[in-house]
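The values are calculated or read from the model by the stated rules, or taken from the named source; none is laboratory data. The model shown is predicted, which means the values in this text are computed figures rather than measured ones. Glycine gets a Cβ as well: all are built from the backbone with ideal geometry, and neighbour counts include every protein chain shown. Heavy atoms of the whole protein, side chains included, go into the accessibility calculation; ligands, DNA and RNA do not. Shrake-Rupley method; radii C 1.70, N 1.55, O 1.52, S 1.80 Å.
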Amino acid sequence: MADELILLEFWPSPFAQRVKIALAEKGIDYESKEENLLINGKSPLLLKMNPVNKQIPVLIHNGKPICESLNIVQYIDELWNDQSPFLPRDPYKRAQARFWADYIDKKIFSTGRKLGMSKGETQEEAKKELLECYKLLEAELGEKTYFGGETFGFVDIALIPFYAWTYIYKKLGNLNMEEECPQIVAWGKRCMERETVSNTLPDPYKLYDFFLELAKKLGGQ
Ligand code: GS8
């Protein structure tokens, strides 16, 4: 019997985009169920499948849920273990890849959101912090094609959704990534040459509009 795969997602979510890219990279078909968190709230299915965090993305594999985007990406990598794994086989390189993916997880979303949604001194602080993070990532990338070397891998999947935020950083936070982190931008463009990425990432202008809508909603609370 074929595997049944359902992805609970929401189009602007960088976390859901990681899972979609991972599935596309492995060539796996799945059914997408869009949770419109902004308008409809959370479905009973989401609450049942992720009762702990109540967040998307959730991958439901033959009825069993897997939660947390990086955990899901690793699950996909372990299950559909082909000739080009996302995580390197060498234990030290694996540990390093997990370290950077965790760093991205802890820093990039929250600081980017703060940059786009705050003003004045708080915004300046967020800009400084975000830039420091990207500079560190840029140093880690160095001259490599991808974070793991020649193959698109775990750290690339963790970070690439935020490439679609470049316009938000510029418009709302006055942070020009092309000028400040040209190697990260060049890496983003390289990743966008992969259909798995370009077919998944949202249009930056649409994402920007969504971000404004979200900021308005949160500001009004
Ligand atoms: C984060 C998921 C998340 O923030 C992961 O999967 O990596 N660490 C998790 N999901 C958001 C949508 S994207 O901003 C979400 O589901 N929010 C609803 C909520 O928190 O109530």
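Tell me the trypsin sites (Lys or Arg not before Pro) within the range 60-151 that lie in a loop according to DSSP and have at most 11 other beta-carbon atoms within 10 Å.
Sites meeting the loop and neighbour criteria: Arg89, Lys119.
From the residues Leu7, Ile56, Leu23, which one has its Cα farthest along the dipole of the chain in the positive direction, the dipole being from +1 and -1 charges on Cβ of Lys/Arg and Asp/Glu about the Cα centre?
Ile56
Between Arg190 and Phe109, what is the label-to-label distance in nm when each label sits 7 Å out along the Cα-to-Cβ direction?
Simple spin-label model gives 2.6 nm for this pair.
Per-residue HN-Hα couplings for the range 158-165, Karplus 6.51 cos²θ - 1.76 cosθ + 1.60 at θ = phi - 60°, whole Hz, x for Gly and Pro?
Each residue of the range 158-165 in turn: 5, 8, 4, x, 6, 5, 6, 8 Hz.
Of all GluC sites (Glu not before Pro) in the range 1-78, which ones are in loop regions per DSSP and have a Cβ with at most 13 other Cβ atoms within 10 Å?
Sparse-neighbourhood loop GluC sites (Glu not before Pro): Glu4.
At each listed q (0.08, 0.09, 0.12 Å⁻¹), what is the log10 of I(q)/I(0) that the Debye formula gives for the chain modelled as equal alpha-carbon point scatterers?
One equal scatterer on each Cα of the chain leads to -0.29, -0.36, -0.66.
Under the rule of at least 5 residues apart or a separate chain, name every residue whose amide H is placed under 5 Å from the amide H of Lys33.
Leu7, Leu8, Glu9
Quick one, what does Rg over Rh come out to for the range 89-208 if you take C-alpha atoms and the Kirkwood Rh?
Value, to two decimals: 0.96.
For the range 170-182, what does the Karplus curve 6.51 cos²θ - 1.76 cosθ + 1.60, with θ = phi - 60°, yield as ³J(HN,Hα) per residue in whole Hz, taken in order and with x for Gly and Pro?
Calculated HN-Hα couplings, in order: 6, 5, 9, x, 6, 10, 9, 5, 4, 7, 7, 9, x Hz.
Accessible area per residue for the range 5-79 in Å², computed with a 1.4 Å probe and the full protein assembly in place, what is it?
Normalised by residue count, the accessible surface of the range 5-79 is 45 Å².
Mind pulling the per residue volume of the convex hull built on the Cα atoms of the range 1-118? Å³ is fine.
Numbers: hull volume 14.6 nm³, N = 118.
Residue-normalised Cα hull volume stands at 124 Å³.
Under a point-charge model restricted to the Cβ atoms of Lys and Arg (+1) and Asp and Glu (-1), what is the dipole moment magnitude of the range 5-79 relative to its Cα centre, in debye to the nearest 20?
Working: 8 positive and 9 negative charges, 54 e Å.
Result for the range 5-79 is approximately 260 debye, rounded to the nearest 20.
Tally up the carbon and sulfur contribution to the accessible surface of the chain as a whole percent, 1.4 Å probe, everything protein left in place.
Roughly 51 percent, rounded to a whole number.
How many nm separate the modelled label positions at Phe99 and Ser198, each set 7 Å beyond the Cα in the direction of the Cβ?
3.5
Placing +1 at every Lys and Arg Cβ and -1 at every Asp and Glu Cβ, with all other atoms neutral, what dipole size does the range 91-217 have around its Cα centre, in debye to the nearest 20?
Here the size comes out at about 340 debye.
Pop out the ³J(HN,Hα) list for the range 196-207 in order, Karplus 6.51 cos²θ - 1.76 cosθ + 1.60 with θ = phi - 60°, rounded to Hz; leave Gly and Pro as x.
Couplings: 4, 8, 5, 6, 9, 5, x, 4, x, 6, 5, 5 Hz.
List the GluC sites (Glu not before Pro) within the range 101-155 that DSSP assigns to loop and that have no more than 12 neighbouring Cβ atoms inside 10 Å.
Glu143, Glu150
Under a Cβ-only charge scheme (Lys and Arg +1, Asp and Glu -1), can you give me the dipole magnitude of the chain about the Cα centre, in debye to the nearest 20?
With Lys and Arg at +1 and Asp and Glu at -1, about 620 debye.
So what's the projected area for the range 112-172, the Cα convex hull averaged over all directions, in nm²?
On the way: hull surface 16.9 nm².
Average projection, Cα convex hull of the range 112-172: 4.2 nm².
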